[in-house]
Every structure is written in C-alpha cells, then in structure tokens.
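Worksheet: the structure to be examined is printed underneath.
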Amino acid sequence: MKKSELRDAIKESFKSLEKKLEKGGKSKIAAEKIAGSIAAKKMHGAGSGPTAKQKARMDEELSGDNFERMSGLVFTRDIENMLKAAESMMKELTDDGYEASEVHEFFTKLISNDI
C-alpha cells in the first residue's frame, strides 16, 4: 500500500470513528481529539498486529521442568479455589447470554492482564 493510499484509508477511518464517537455522546472537539490520537498511532504502526518481541513471547512455551517447579510452589487448595472461581464466572457469563468464544476471549485477556 502506498503512503497516499494509507493516508486516505486512515483519513476515512478517522472520519468514521469521529462520527461514531459523536453518536456515542462525545462532543465534536473530544471526538476529533480521540480519533486524531488513534489515527496518529495507526500511522506509526499501531494495530497492525503483534511486534516481533510479542510474537517471540507467544512462541515460548512453559517447559515441563518449569511447570513442575511452579506447580510445586502453588498450594493445591489455591488451584482448586481458582478453578471453582473460574467455573462460577464462566457459568455467570454464559447465563447472561455471552457466547463461549466471548467468554474464552475474556478469560484470555483477564489472564494476560489486558483488562
């Protein structure tokens, strides 16, 4: 994609985001600032996927030895309590109408501290 095409796409994205923010109750000035901030970040590559460092971290797996050592440090009772809490949260979310994929995404973000 050429720079001019990229700028046009971001400009279009900027305008549509600005309109969504205004419809959501933001003032025109606030919507422009928020959309402008996001557009500037996109111009510098934000939102284009994980960085090389993040990909490397995702590729790392917890080796069997490390897993065993970590498991030995955590009390079994704590693990059971954590699993019971997770089951309770999953039941509550699915009872409220969330799909399994949404619940999975929520737990993934929760565990990685993205929430």
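What follows is calculated from the coordinates using simple rules that are stated; it is not laboratory data. Note that the structure is a prediction, hence the values are computed from the model and not measured. Neighbour counts are summed over all protein chains in view; Cβ atoms, including those assigned to glycine, are modelled from backbone coordinates with ideal geometry.
Extending 7 Å from Cα along the Cβ direction at Ile111 and again at Lys20 yields two label points whose distance is 2.8 nm. Of the cross-linked pairs Lys23/Lys109; Lys23/Lys84; Lys26/Lys109; Lys15/Lys91; Lys20/Lys53, which ones have a Cα-Cα span greater than 30 Å in the structure shown? Violating the 30 Å Cα-Cα cut-off are Lys23/Lys84; Lys15/Lys91; Lys20/Lys53. Once the C-beta distance of Tyr98 and Asp65 is scaled by a Förster radius of 30 Å, the resulting FRET efficiency is 0.20 to the nearest 0.05.
Projected label points at Phe75 and Ala52, each 7 Å from Cα along the beta carbon direction, are separated by 4.5 nanometres.
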